[in-house]
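Here's the structure we're looking at; comments come further down.
The values are calculated or read from the model by the stated rules, or taken from the named source; none is laboratory data. What you are looking at is a predicted structure, and each value in this text was computed from that prediction instead of being measured. Here the Cβ is made from the backbone with ideal geometry for all residues, glycine too, and neighbour counts use every protein chain on show. Heavy atoms of the whole protein, side chains included, go into the accessibility calculation; ligands, DNA and RNA do not. Shrake-Rupley method; radii C 1.70, N 1.55, O 1.52, S 1.80 Å.
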Amino acid sequence: MKDYYKIGEISEMYDMSRDSLMYYEKIGIIKPTRDDNGYRLYSVSDIWRLNLIKELKNLGFSFKMIKEYLENRDLNSTNKLLQNGITLLDDQILKLLKQKENMRKRMESIENTANSSSLNSVELSYLKRRKGLILNGQIKRDADFDLLIQKLQKDHNNKFGILGNNNVGSVFKVDSLRNGITTDFESVFCLLKDNAKDYNIVFEEGYYVTLTYSGDYVNNKVHIKNMFDFIEENKLIITGNPMEIYKIDIHETENKDEFITEIQIPIKC
């Protein structure tokens with residue numbers, strides 16, 4: 001065995017790039033010497049340190065933790081490091097379990113929405129009070145909606161997702177609807193759980209004329225006309241701006257035939 005190895009030899013031995021080795025040197029976890037020509041020389045001491053660094057990295061320890069450990073190693077610090085590692089793993093397991101449950105709920109939401117049998121029929125529904133997050137902005141294209149939703153997420157620290165979320169939607173401009181324009185919206189929103197504490201709008205409980213339809217958004221023109229006809233025939237009064245909720249949209253499928261959208265119009269009987 002040689003007393004010293006050059007960086008190329010160490011790089012090949014550990015299947016590690018030269019940049020990584022130089023980074024280790026930069027942060028002080030290995031300290032190669034230099035020969036007369038300025039080339040790095042790695043000693044036997046550097047070898048066992050690299051063995052240990054490789055193992056600790058595989059166990060998930062940060063470079064900060066590795067550096068602190070290498071600077072003060074005994075049985076006590078080794079046990080303390082491993083105990084900290086167990087604690088970190090427990091935290092990661094908890095996060096992964098929460099993420100798994102989140103994904104399961106999203107799958108369940110998509111499945112329940114896709115299997116909904118009540119489509120294309122105008123209904124009079126009583127909806128409970130709902131909390132939400134809302135952001136105003138002119139929306140005339142799908143891209144406008146996506147940009148506003150991104151801003152709404154950012155403004156509220158990504159408290160809601162979009163994949164499998166059947167509570168994201170847009171608020172129509174009611175005056176535009178009366179003129180037959182069904183592509184003019186004034187805000188985006190996301191409905192939240194009843195116990196949500198961070199919200200900036202409340203959709204009050206009350207009666208709504210509702211309709212859920214499948215397919216392309218251009219179909220809303222026909223459905224909204226049917227809803228307005230129903231409101232007029234039953235002498236109902238519109239009390240606020242109608243909204244569209246995108247139960248299944250481009251985020252779940254690129255097949256527009258699979259889109260499912262719900263329109264809600266608040267009314268007074």
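So here's what we get for this one:
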{"quantity": "Rg/Rg_ref, segment 1-138, where Rg_ref = 2.2 N^0.38 Å and atoms are Cα", "calculated": "1.91"}
{"quantity": "Carbon + sulfur, % of accessible area of segment 140-269 - ligands and nucleic acids excluded, 1.4 Å", "calculated": "48 percent"}
{"quantity": "Largest-first principal axis extents, alpha carbons of segment 1-73, Å", "calculated": "35, 24, 23"}
{"quantity": "Tail beyond 34 Å, pair distance distribution of the chain (Cα, percent)", "calculated": "46 percent"}
{"quantity": "For segment 183-198, Karplus couplings with θ = phi - 60° (6.51, -1.76, 1.60), whole Hz, Gly/Pro x", "calculated": "10, 10, 10, 10, 6, 10, 8, 9, 6, 10, 5, 4, 8, 4, 9, 9"}
{"quantity": "Cα gyration tensor of segment 62-101 - equivalent ellipsoid semi-axes, whole Å, descending", "calculated": "27, 11, 4"}
{"quantity": "Prolate/oblate/rounded call for segment 93-194, Cα gyration tensor, a/c under 1.5 rounded", "calculated": "oblate"}
{"quantity": "Heavy-atom accessible surface of segment 1-134: percent carbon and sulfur, 1.4 Å", "calculated": "52 percent"}
{"quantity": "For the chain: accessible area per residue (Å², 1.4 Å)", "calculated": "62 Å²"}
{"quantity": "Cα gyration tensor shape of segment 198-248, rounded if a/c is under 1.5, else prolate or oblate by comparing a/b with b/c", "calculated": "oblate"}
{"quantity": "Peptides 60-72, 127-139 ordered by average Cβ neighbours within 10 Å, highest first", "calculated": "127-139, 60-72"}
